[in-house]
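Reading through the structure tokens given below for one structure.
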Amino acid sequence: MTITKNSLVDMIHDEVGLNKREAKEFIEEFFEVIKELLEDGNDIKFSGFGNFILRNKKARPGRNPRTGEEVTVNERRVVTFKSGMKLKSQIEAFDGE
Amino acid sequence: MILNKSELISNLSKKHKTYNKSDVEFSVRKILDYMSKSLYSGERIEIRGFGTFSLHEHNSRTARNPKTGESVALQKRFTVHFKPSKELKKRVNNKN
């Protein structure tokens, strides 16, 4: 099963006791605030979960994989996620079942 | 700048005047715990407009400690992979 915003809304409704509408608003705002902070150039660290880190990528020559045509990949800023120690070790214990 | 959980909580509390800070703090902790638990139970997380977290499988291999040159046996393992949504990619790259 895939976890979506709706799963988080239900969880917040059950565990925190907000009604569904408030819970939905809260979840939307949680992700919106993260996006705003990243957009403004901040890295975000959630201890135990992981870090969202911005990286500046230099321009590089690339290729259109469909046509083989050479193009320049522009200089850009990307966001990466690095899982924290706790989550990493919990994931490593996952056996694939 | 590097922000941590408590700074995110302050930002979120400012937006959400109806909840006090400890409610926001509790909820944020619940969200992160729930997401961690989902991932280590093998579930993927798909947040529209934000991105997708999924597990990537890495086969067992023999690696080397780059400092000592010593061989290290790595077990088959899973790691978390985050793929930002189109929207997030675009917003993060707003300067270009």
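The values are calculated or read from the model by the stated rules, or taken from the named source; none is laboratory data. If you're wondering where the values come from, they're calculated on a predicted model, not measured in any experiment. Reconstructed Cβ throughout: ideal geometry from the backbone, glycine too, with neighbour counts over all protein chains shown. SASA here: full protein model, heavy atoms, side chains in, ligands and nucleic acids out. Shrake-Rupley method; radii C 1.70, N 1.55, O 1.52, S 1.80 Å.
Among the conditions (1) more than 14 Å from every other protein chain (Cβ to nearest Cβ); (2) of a type outside the set (Lys, Arg); (3) touching a Gly at 6+ places or on another chain (Cβ under 8 Å); (4) assigned to a loop (DSSP other than H, G, I, E, B), the only one that residue A:94 does not satisfy is (1). Return yes or no: is residue A:70 charged (D, E, K, R), facing chain B (nearest Cβ under 10 Å) and open to solvent by 50 Å² or more (accessible area, probe 1.4 Å)? Considered against the rule, which asks whether it is charged (D, E, K, R), facing chain B (nearest Cβ under 10 Å) and open to solvent by 50 Å² or more (accessible area, probe 1.4 Å), residue A:70 comes out as no. Take the residues in the stretch B:59-96 that are among the aliphatic types (A, V, I, L, M) and part of a strand (DSSP E or B); name whichever of them is nearest to residue A:54 (Cα to Cα). Here the residue is B:80. Would you check if there is a residue in the stretch A:50-65 being open to solvent by 20 Å² or more (accessible area, probe 1.4 Å) and touching a Leu at 6+ places or on another chain (Cβ under 9 Å)? Yes, the stretch A:50-65 has at least one match.
Listed conditions (1) within 23 Å of residue A:76 (Cβ to Cβ); (2) surrounded by 15 or more Cβ atoms within 10 Å (Cβ to Cβ); (3) not hydrophobic (A, V, I, L, M, F, W, C) are all met by residue B:94, apart from (2).
Restricting the stretch B:67-86 to residues that are more than 17 Å from the chain's Cα centre (by Cα) and facing another protein chain (nearest Cβ under 9 Å) leaves a set whose member that is least open to solvent (accessible area, probe 1.4 Å) is B:77.
Look at residue A:45 and say whether it is open to solvent by 20 Å² or more (accessible area, probe 1.4 Å), within 18 Å of the chain's Cα centre (by Cα) and closer than 28 Å to residue B:1 by Cα. Criteria met by residue A:45. Residues that are charged (D, E, K, R) and more than 16 Å from residue B:25 (Cβ to Cβ) were ranked within the stretch A:1-27; the one that is farthest from the other protein chains (Cβ to nearest Cβ) is A:20. In the set (1) open to solvent by less than 60 Å² (accessible area, probe 1.4 Å); (2) over 29 Å from residue A:37 (Cα atoms); (3) out of contact with any strand residue (DSSP E or B) (no Cβ under 8 Å at 6 or more places or on another chain), the condition left unmet by residue B:13 is number (2).
Among the residues of the stretch A:8-42, those identified as in a helix (DSSP H, G or I) and either more than 24 Å from residue B:4 (Cα to Cα) or touching a strand residue (DSSP E or B) at 6+ places or on another chain (Cβ under 7 Å) (or both) are A:10, A:13, A:14, A:20, A:21, A:22, A:31, A:34, A:37, A:38.
Yes/no per residue for (1) modelled with pLDDT of 90 or more; (2) open to solvent by 40 Å² or more (accessible area, probe 1.4 Å); (3) at the interface with chain A (Cβ under 8 Å from one of its Cβ atoms):
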{"position": "B:9", "(1), (2), (3)": "yes, no, no"}
{"position": "B:30", "(1), (2), (3)": "yes, yes, yes"}
{"position": "B:33", "(1), (2), (3)": "yes, yes, no"}
{"position": "B:38", "(1), (2), (3)": "yes, no, yes"}
{"position": "B:41", "(1), (2), (3)": "yes, yes, yes"}
{"position": "B:46", "(1), (2), (3)": "yes, yes, yes"}
{"position": "B:49", "(1), (2), (3)": "yes, no, yes"}
{"position": "B:58", "(1), (2), (3)": "no, yes, no"}
